[in-house]
Structures are given as structure tokens and as C-alpha cells.
Amino acid sequence: MCNRIASAVLFGLSTLVAGCATSPSTMHEYGQPEVLVAPSNFKGVHGLAVDTKGRLLAGSVIGSAIYEVDRNSGKASVFIPAPEGQADDIAIGPKGELAWTSFLQGVLRYRESDSAPIKVLAKDLPGINSLAFDQKNGRLYASQVFLGDALWEIDIGGQKPPRLIKKELGGLNGFEVGKDGWIYGPLWFKGQIVKVNPDSGEVKTLASGMKTPAAANFDSKGNLYAVDTKSGELVRIDPASGSKTTVAQLKSALDNLAIDKQDHIYVSNMADNSIEEVDPASGKSRYITKGEVAVPGGLKLSADGKTLYVADIFALRAVDTQTGKVTDIKRMQDSDLEYPFTVGASDKHLLLTSWFTSSLQIIDRGAMKTVAELGGFKAPTDAVELPDGSVLVSEIATGNLVRLNGDGYKNREVVLQGLEGPVQLILARDGNLYVTVAAGKLIRINTKDWSKSVVAEGLKLPEGLAETPNGRLIIAEAAARQLTEIDPIGGTRRVIAGDLPIGFEGGAGMPPSYIPTGVAIDARGNVYFSADRNNAIYRIPNR
């Protein structure tokens, strides 16, 4: 036994750390991956449409695909694959044409039939969000929301540039064209349902007082239905009087709806990967398909190993590691959540980072309330809290490691530059910071002088990492679809699990890690990891 034993206190937990420079001697023996949280369809589900053949189509932005969903079995099959299939909204034309918006790509795509080629009708429209055809004359309209705020008419022939109808509407989300030729839809940021004249840009308010309306559609009888993503309500609106009647109380994070020729209503929920069918007469609903988690990314365990915290992009969730039961902590739209891709944990806080919103959200673990919301980062990928209360944030866009401290974490200092695509961070029991970088390396950083050294290289897109009880590191090599154990002292490595459902590719313009594979390890050496190819969470038992 080494004669130098150091007692370290990390995040308020007393830990004995071996101070000798020898490799950990105990080897863990791992079993086969076991499902803790079952797989599900999509990766967040958004736009819905029922086409002229009666097919229920569903779009996913993060999943970059359009799916066909069997309304009886709930089975979803890829209808248009990534990357062309990325769809925030889907519209069906009067002749069966299909058009959809690729939100992250800023592109609107179109095809005349199943056998026709896909055409790009518009591009360079950041946040291209919703679209609809006029069923009488085939005119096509599309709106930008979140990354822009405008309504456009799109030339189906692809010869003319988009014609601006109106700017700064207030977020015209999922809309439909009425029989009178006006555009009917919700203003996300104003809580209103409006109609817009596509020729003049005139706007008339039909209903107000909604929390965050997300979409509106007509049934065959001319009834107007809308979903409120914040309240979880499906409501019927009288266009003449503006009166609202609640049809069904669903869960928050509703995204879109579609109504077929028989007036069956289908509603999507981005946080649950779910599509529900609602009976407009009774308000009763049934799930066609549903997941326990939506897009699981970063993972962290509670100190007792009983709770696994999951950055689920459209929710922050807790998973019981014994039963697999999933509990919502925060959901998109009914809270202040900011699309978390990773989660860090100290004894006091959870730290949520989002490269999409360039933000860090710090949550008090006791009250589960946000204590700080910080923006302006350059695609932050992870964060850790140091023993002195300061926070380190990795930026994949700059390769910087940024330290935050002071009142409200307002002081920012770049403590290290030149990291080749930092992905995830952990503070190990030896007091060093370990960072995976997209360039294929595991880096060790001394937090006293910010010197760095390479522990391992030649890794295939390393993402999540965690420390075993014997001081080794388990790293998710996303591009190799495997988990690899690395001795941080000797540098030796071995694969503990392969052929895993990880390594979903984000496509052009996205961070290489995209949906980061999360890894966590409990005191017994059991390994947990998130799977971005099938939206599941697995446990690998330590034998």
C-alpha cells in the first residue's frame, strides 16, 4: 500500500484519495448492458400531418427525419431520413404535395410525390418553423420563429425568392390557411390566436389570454382548435367571438396538432416523444406512441447512487436507478428550462448547459429552483463546479475553458485555450479536471496552474466520461459506438461494451458531439449511459 494517503473533500463529500503515482490495481468485470429506461420513437416530435393517403407523418428536428406512424400499433418508421428529413413542421398540398421546414438548417424542402425528387424551395432562413398550403390555389406560406420572426410566401416552382408578407409578428407558429384565404395561427410570444391577410400583411386578433399557444388547425366543420404548450390545453376557439373552450387537458410541452378528414385530432408532445389522439367530443385521449425520455444526453448520479439526473433536451428528469421510474423535474415551456444537453452536479447545484441556446443554468438541488441563468457562451458543452464555488464551462466553438465566479457568477475568465473541441468534463478524486475533446483526446488539467497533459489520444469522438471507484475513467467513444475504460496514470485501455446505440450524427453545421452520450458510475462500479440512437438509458452491471 502506498504510504502517502491524502484526504480530499470534493463537493462536500469526504473521500480518501491515493496519492501514489501507481495505476489502480483492481479490475472491474462488467456484464452486458441492461435497459434501465426503454427506447422510444423520434428525438423530440414536432410537426404532424395526415397526407392524402391517410398516413400520419411526424417530424423531428433533433432526429432530422420525418416518420410515418401507424395509428394502431404506434410503430414509427423513417419516411424521409436525415439530414434532408429534418422537420419542424409538415404541410400537405391540395395535390398531395409534401413540404417541410428544416429548422436548424434554415431550409424549406418540397416534393410533389413519393417518387419525385426532393427540392429546396428556400434557404438561409434561420429558424424556419411553420408552413401551410392554401388548399384552394396551392399557395405556400412559411414562418420564422425563435431565430427570426417573419412570414413569407414561398414560390413552389423554386424560381422566385421568398416574398416577405410581414415581420415581427410575435412568433407565428403552427398555422393553417382558412377557406377565406387568411392565415390562422398562434403568436407564441403574445399569447394570441390571429389571422393574417397574406396579400396585405394585415393582422386581426381572434383570441387572447393564452399562455404559450403553439399551433392551430381547422376541422372539416370549420372549428378552430389550438394547443397551448405551457398549459398543456387543447382548446376550441370560436373565430367570430374569440371564446375558448377547453377540449382536453394534456401535459405541457405540446408542439403541434393535425386533424384528419374524420376529424380525429392528433397532438404531439416534444418532451415525451408522444403523439396522442383526442376525441373532440368527449375530450378523452389515448397515446399512439410515447417515451419515458425524449433525447437523453448528459447524466449525473446523486451521491447515494439512487437518482440519475438526465439532461433530456426538452426536460430535466430524474431516474430511479433501482426501478427505472422517470420523474419530471422541469419540462420545456412550463418552466425556465433552456434545452439542456448536459448536466453537471455538485453537492448544492445542478449545472445545465445548452450549445443551442449558448446558456448555462444553475439549479439549487434542494429546492430545484434556478439560481442563475447565464448566456453569451460560445456553444457551451459542459460545466463543473469547483470546491471554491466557482464554475468551469467548456466552449466547443472556441476551445476555451471559462471560469465563472463572483456575485451571480458575473466574473468570467478564460483560464485555458486551445482545447480541440471540448465535449464533457469531470473533476476526479485526484483533484484534476479531465476533459474529452472531439479531436480524439482525453486531457488532464491541473486546476491550480491550468497546465494540461494528454492522457490518451486516438479516441473516436470521445464524449461522456465518469470515474470508477478504482480511479479509472470510462469514456463513451461515440463514433466507435463503444465504452472504453482508460487508466489515467498508465494510459492503458480496454473496451467494456461495444456495438452500442450511440453516435447519432448531427450533420453539417452542428457540433460534432451533437447529442452527447452521457456516462455515470455509482459507488459499486455500475455504469450508466444514454443512447442517442434509440433514446434509451442503459446500465452495465459491475460483477
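The values are calculated or read from the model by the stated rules, or taken from the named source; none is laboratory data. On a predicted model such as this, the values are computed, not experimentally measured, just so you know. Methodologically, a virtual Cβ is constructed for each residue, glycine included, from the backbone with ideal geometry; neighbour enumeration extends over all protein chains shown. Side chains included, ligands, DNA and RNA excluded: accessible areas come from the protein's heavy atoms. Shrake-Rupley method; radii C 1.70, N 1.55, O 1.52, S 1.80 Å.
Kindly check whether there is at least one residue in the range 373-386 that is out of contact with any strand residue (DSSP E or B) (no Cβ under 7 Å at 6 or more places or on another chain), open to solvent by 50 Å² or more (accessible area, probe 1.4 Å) and under 25 Å from Ala428 (Cβ atoms).
Pass one, the range 373-386, residues out of contact with any strand residue (DSSP E or B) (no Cβ under 7 Å at 6 or more places or on another chain): 376.
Right, trim to open to solvent by 50 Å² or more (accessible area, probe 1.4 Å) and you get 376.
Checking which are under 25 Å from Ala428 (Cβ atoms) leaves us with none.
No, the conditions are met nowhere in the range 373-386.
Hey, among Ser23, Ser7, Ser73, which residue is open to solvent by 70 Å² or more (accessible area, probe 1.4 Å), of a type outside the set (Val, Ile, Thr), over 21 Å from the mean Cα position of the chain (by Cα) and modelled with pLDDT under 95?
Ser7
Give the range 342-372 a look and list any residue that's in a strand (DSSP E or B), of a type in the set (Val, Ile, Thr) and open to solvent by 20 Å² or more (accessible area, probe 1.4 Å), or say none.
Of everything in the range 342-372, those that are in a strand (DSSP E or B), of a type in the set (Val, Ile, Thr) and open to solvent by 20 Å² or more (accessible area, probe 1.4 Å) turn out to be Thr370, Val371.
Within the range 269-280, is there a residue that is at pLDDT below 95 and open to solvent by 10 Å² or more (accessible area, probe 1.4 Å)?
Restricting attention to the range 269-280, the residues satisfying the condition of being at pLDDT below 95 are none.
So far as the range 269-280 goes, no, none of its residues is at pLDDT below 95 and open to solvent by 10 Å² or more (accessible area, probe 1.4 Å).
Could you say whether any residue in the range 427-444 is open to solvent by 40 Å² or more (accessible area, probe 1.4 Å), at pLDDT 95 or above, among the hydrophobic types (A, V, I, L, M, F, W, C) and part of a strand (DSSP E or B)?
no
Looking for something within 22 Å of Gly44 (Cβ to Cβ), hydroxyl-bearing (Ser, Thr, Tyr) and open to solvent by 10 Å² or more (accessible area, probe 1.4 Å) - is there at least one such residue anywhere in the range 312-326?
Scanning the range 312-326 turns up no residue that is within 22 Å of Gly44 (Cβ to Cβ), hydroxyl-bearing (Ser, Thr, Tyr) and open to solvent by 10 Å² or more (accessible area, probe 1.4 Å).
Please go through the range 248-267 and give me each residue that is open to solvent by 20 Å² or more (accessible area, probe 1.4 Å) and in contact with a strand residue (DSSP E or B) (Cβ under 7 Å, 6 or more places away or on another chain), ordered by number.
Answer for the range 248-267, where residues must be open to solvent by 20 Å² or more (accessible area, probe 1.4 Å) and in contact with a strand residue (DSSP E or B) (Cβ under 7 Å, 6 or more places away or on another chain): Gln249, Lys251, Asp255, Ile259, His264.
Output yes when any residue across the range 287-298 is under 26 Å from Leu465 (Cβ atoms), over 13 Å from the mean Cα position of the chain (by Cα) and either surrounded by fewer than 24 Cβ atoms within 10 Å (Cβ to Cβ) or modelled with pLDDT under 95 (or both), and no when none is. Don't jump to the end; show me each part of the working.
Start the filter on the range 287-298 by keeping residues that are under 26 Å from Leu465 (Cβ atoms), which leaves 291-298.
After this cut, where a residue has to be over 13 Å from the mean Cα position of the chain (by Cα) as well, the list is 291-292.
Checking which are either surrounded by fewer than 24 Cβ atoms within 10 Å (Cβ to Cβ) or modelled with pLDDT under 95 (or both) leaves us with 292.
Checked against the condition, which is being under 26 Å from Leu465 (Cβ atoms), over 13 Å from the mean Cα position of the chain (by Cα) and either surrounded by fewer than 24 Cβ atoms within 10 Å (Cβ to Cβ) or modelled with pLDDT under 95 (or both), the range 287-298 yields at least one hit.
When you go through Ile515, Ile475, Ile502 one by one, which is the residue that is of a type outside the set (Gly, Ala, Ser), part of a loop (DSSP other than H, G, I, E, B) and in contact with a Ser or Thr (Cβ under 6 Å, 6 or more places away or on another chain)? Don't jump to the end; show me each part of the working.
Working: Ile515 fails: in contact with a Ser or Thr (Cβ under 6 Å, 6 or more places away or on another chain); Ile475 fails: part of a loop (DSSP other than H, G, I, E, B).
Only one candidate qualifies: Ile502.
Got a number for residues in the range 49-78 being under 15 Å from Gly96 (Cα atoms) and of a type in the set (A, V, I, L, M, F, W, C)?
4
Go through Lys211, Lys244, Lys204 for me and flag whichever is open to solvent by 20 Å² or more (accessible area, probe 1.4 Å) and either touching a residue at least 24 places away in the same chain (Cβ under 8 Å) or under 20 Å from the mean Cα position of the chain (by Cα) (or both). Show your work before the answer.
Details: Lys211 fails: either touching a residue at least 24 places away in the same chain (Cβ under 8 Å) or under 20 Å from the mean Cα position of the chain (by Cα) (or both); Lys204 fails: either touching a residue at least 24 places away in the same chain (Cβ under 8 Å) or under 20 Å from the mean Cα position of the chain (by Cα) (or both).
Residue meeting the stated conditions: Lys244.
Restricting attention to the range 104-147, report how many residues are within 29 Å of Ser358 (Cα to Cα), open to solvent by less than 70 Å² (accessible area, probe 1.4 Å) and in a strand (DSSP E or B).
Final tally of qualifying residues: 11.
Can you tell me which residues in the range 505-534 are closer than 23 Å to Asp320 by Cβ and acidic (Asp, Glu)?
Correct list: Asp522, Asp532.
Mind telling me which of the residues Gly507, Gly458 ends up being part of a loop (DSSP other than H, G, I, E, B), open to solvent by 10 Å² or more (accessible area, probe 1.4 Å), modelled with pLDDT under 95 and on the phi > 0 side of the Ramachandran plot?
Being part of a loop (DSSP other than H, G, I, E, B), open to solvent by 10 Å² or more (accessible area, probe 1.4 Å), modelled with pLDDT under 95 and on the phi > 0 side of the Ramachandran plot holds for just one of Gly507, Gly458, which is Gly507.
Can you name the residue in the range 472-487 that is open to solvent by 10 Å² or more (accessible area, probe 1.4 Å) and either at pLDDT below 95 or touching an Asp or Glu at 6+ places or on another chain (Cβ under 7 Å) (or both) and is also nearest to Gly305 (Cα to Cα) among such residues?
Only one residue fits best here, namely Arg472.
Does Arg412 count as in contact with a strand residue (DSSP E or B) (Cβ under 6 Å, 6 or more places away or on another chain) and open to solvent by 30 Å² or more (accessible area, probe 1.4 Å)? Let's see the steps before the verdict.
Numbers: in contact with a strand residue (DSSP E or B) (Cβ under 6 Å, 6 or more places away or on another chain): yes; open to solvent by 30 Å² or more (accessible area, probe 1.4 Å): yes.
Yes; evaluated as a whole, the condition is true for this residue.
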